[in-house]
Amino acid sequence: MNLKGRSLNNLFDLNIDEFNYILNLAHQVKKEKKSNIFPKRLQNKNIALIFEKPSTRTRCSFIVAAHDEGAHAESLSGRDIHLGEKESIEDTARVLGRLFDGIMFRGFKHKTLEMLINYANVPVWNALTDIHHPTQAIADIMTCQEYLGKLNGKKIVYLGNGNNNVTHSLLIASSIMGMEIVISCPERYYPDQSIVQQCIKLSKNSKAKISILNNPIEAVKNADCIYTDVWISMGEEKNSNNEEKCKELLPYQVNKKIMSATKNSECFVLHCLPAYKNLEITSDIFEENNKFIFDLAENRMHSIKAVMLATLIN
Ligand code: CP
Ligand code: NVA
């Protein structure tokens, strides 16, 4: 498999073999690190990390992964560079592409990411835009594999705001992997329809089952994993309808009632973090599942390391 030079725009970029290649590499580098093996495969590489939005996990994962592999990572906030203000995004991309071997972008408009990809001439990795969060979903699937083994036919249920970056990427990832994915939310928070349609196409080959249900109790029946994310995403904090949105999403809160409706005592909960306790998830369910949730947080680093290795070297 040769992904050298490839960018990660969203998970539609990857076919099943490429996705499995990155996942296997992620499991491998995790084992290496646990055994204190540091092959330094990215020595002398320089990585730019551009942030228009804050980040704890993704930022630290890129920094630690780069350091483990002998590369240097430089964080650049929107205030540090001229991105799209004094200097066009195209010119910024061309300058950074001359200096760095890879560019990570976390920001608002997906279009900005696509312009960086089109002009940088080095791999550009999407570290979250308003529409997609692909490196999150790679870690989500990696963590599910650790707990569920083969994922064909395993049921993952996403509860909450169905129209956000994490949901979209989880939906695509589950569709590629042939899982049963159920998204449960009110109609007005349904995922983007064009993403759903593309996932339905993918499911014809992968045998994934995709459904979107309003009723959370019905949705979670026999779930192997329940997933949730914040109801108000970065950049939405000042929206005027947030109070109403939280009221509408309350029936989709991951709580005791939801967990018992799974009828599966083995069902575990994942959250991409950061979490607002007692909104999308109650504190007790969060703590009961903290092992899974923080395994996922750790796996962000291993899987991001795999993405960088796969796209920067052969
Ligand atoms: N899950 C995630 O992307 O976390 P950060 O916003 O802290 O990077
Ligand atoms: N949907 C959330 C994910 C945070 C990792 C956001 O965009 O803020």
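The values are calculated or read from the model by the stated rules, or taken from the named source; none is laboratory data. In this text the structure is predicted, and so the values were computed from the model without any measurement. Note that each Cβ is placed from the backbone with ideal geometry, even for glycine, and that neighbours are counted across all protein chains shown. Heads up: the accessible areas ignore ligands, DNA and RNA and are worked out on the full protein's heavy atoms, side chains in. Shrake-Rupley method; radii C 1.70, N 1.55, O 1.52, S 1.80 Å.
Taken over segment 87-107, the residue count meeting the criterion of being among the polar types (S, T, N, Q) and either in contact with a strand residue (DSSP E or B) (Cβ under 6 Å, 6 or more places away or on another chain) or open to solvent by less than 10 Å² (accessible area, probe 1.4 Å) (or both) is 1.
Close contacts from segment 201-228, counting a first residue that is over 20 Å from Ile16 (Cβ atoms) and a second that is of a type in the set (Gly, Ala, Ser) and surrounded by 14 or more Cβ atoms within 10 Å (Cβ to Cβ), with Cβ to Cβ under 6 Å and a gap of 6+ residues or different chains, come to Leu213/Ser184; Leu213/Ala219; Pro216/Ser184; Ile217/Ala261; Ala219/Ser184; Val220/Ala261; Thr228/Gly160. Scanning segment 37-86 for residues that are assigned to a helix (DSSP H, G or I), open to solvent by less than 30 Å² (accessible area, probe 1.4 Å) and more than 16 Å from ligand 2 (Cβ to nearest atom) yields a total of 3.
Count of segment 172-207 residues, restricted to those that are under 20 Å from Thr262 (Cα atoms) and surrounded by 19 or more Cβ atoms within 10 Å (Cβ to Cβ), is 8. Of the residues making up segment 159-166, not a single one is among the small types (Gly, Ala, Ser), without any contact (Cβ under 8 Å) to a residue 40 or more places away in the chain and either more than 16 Å from ligand 1 (Cβ to nearest atom) or surrounded by fewer than 24 Cβ atoms within 10 Å (Cβ to Cβ) (or both).
Of all the criteria given as (1) open to solvent by less than 70 Å² (accessible area, probe 1.4 Å); (2) away from ligand 1 (no atom under 16 Å from the Cβ); (3) over 17 Å from the mean Cα position of the chain (by Cα), the one not satisfied by His27 is (3).
Just for segment 253-293: of the residues that are aromatic (Phe, Trp, Tyr) and within 24 Å of Leu148 (Cα to Cα), which one is farthest from ligand 2 (Cβ to nearest atom)? The extreme case among them is Phe268.
For segment 262-271, the count of residues that are away from ligand 1 (no atom under 16 Å from the Cβ), over 30 Å from Glu18 (Cβ atoms) and under 21 Å from the mean Cα position of the chain (by Cα) is zero. Screening segment 48-63 for residues that are among the aliphatic types (A, V, I, L, M) and touching a helix residue (DSSP H, G or I) at 6+ places or on another chain (Cβ under 7 Å) and picking the one that is nearest to ligand 1 (Cβ to nearest atom) gives Leu49. Take Asn126 and decide whether it is within 16 Å of ligand 2 (Cβ to nearest atom) and within 15 Å of Arg6 (Cα to Cα). Yes; evaluated as a whole, the condition is true for this residue. Each residue in segment 132-158 was checked for being surrounded by 20 or more Cβ atoms within 10 Å (Cβ to Cβ), more than 13 Å from ligand 1 (Cβ to nearest atom) and touching a residue at least 60 places away in the same chain (Cβ under 8 Å), and 8 pass.
Let's see how each residue does on (1) among the hydrophobic types (A, V, I, L, M, F, W, C); (2) open to solvent by 20 Å² or more (accessible area, probe 1.4 Å):
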{"residue": "Ile217", "(1), (2)": "yes, yes"}
{"residue": "Cys225", "(1), (2)": "yes, no"}
{"residue": "Trp231", "(1), (2)": "yes, no"}
{"residue": "Asn278", "(1), (2)": "no, yes"}
{"residue": "Glu288", "(1), (2)": "no, yes"}
{"residue": "Phe294", "(1), (2)": "yes, yes"}
{"residue": "Glu298", "(1), (2)": "no, yes"}
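Against the criterion of being modelled with pLDDT of 95 or more and either open to solvent by 30 Å² or more (accessible area, probe 1.4 Å) or within 16 Å of ligand 1 (Cβ to nearest atom) (or both), Pro274 qualifies. Pairing residues of segment 229-257 that are over 16 Å from Ser184 (Cα atoms) with residues that are within 16 Å of ligand 1 (Cβ to nearest atom) and of a type in the set (Phe, Trp, Tyr), at Cβ distances under 9 Å and at least 6 apart in sequence or on separate chains, gives Ile232/Tyr276; Met234/Phe108; Gly235/Phe108; Asn242/Trp231.
Suppose the filter is touching a Ser or Thr at 6+ places or on another chain (Cβ under 8 Å) and of a type in the set (S, T, N, Q); does Asn205 pass it? For Asn205, the condition - touching a Ser or Thr at 6+ places or on another chain (Cβ under 8 Å) and of a type in the set (S, T, N, Q) - is not met.
Could you check Ile103 against (1) away from ligand 1 (no atom under 13 Å from the Cβ); (2) among the aliphatic types (A, V, I, L, M); (3) closer than 23 Å to Lys53 by Cβ; (4) in a loop (DSSP other than H, G, I, E, B) and say which number it fails? Unmet condition: (4).
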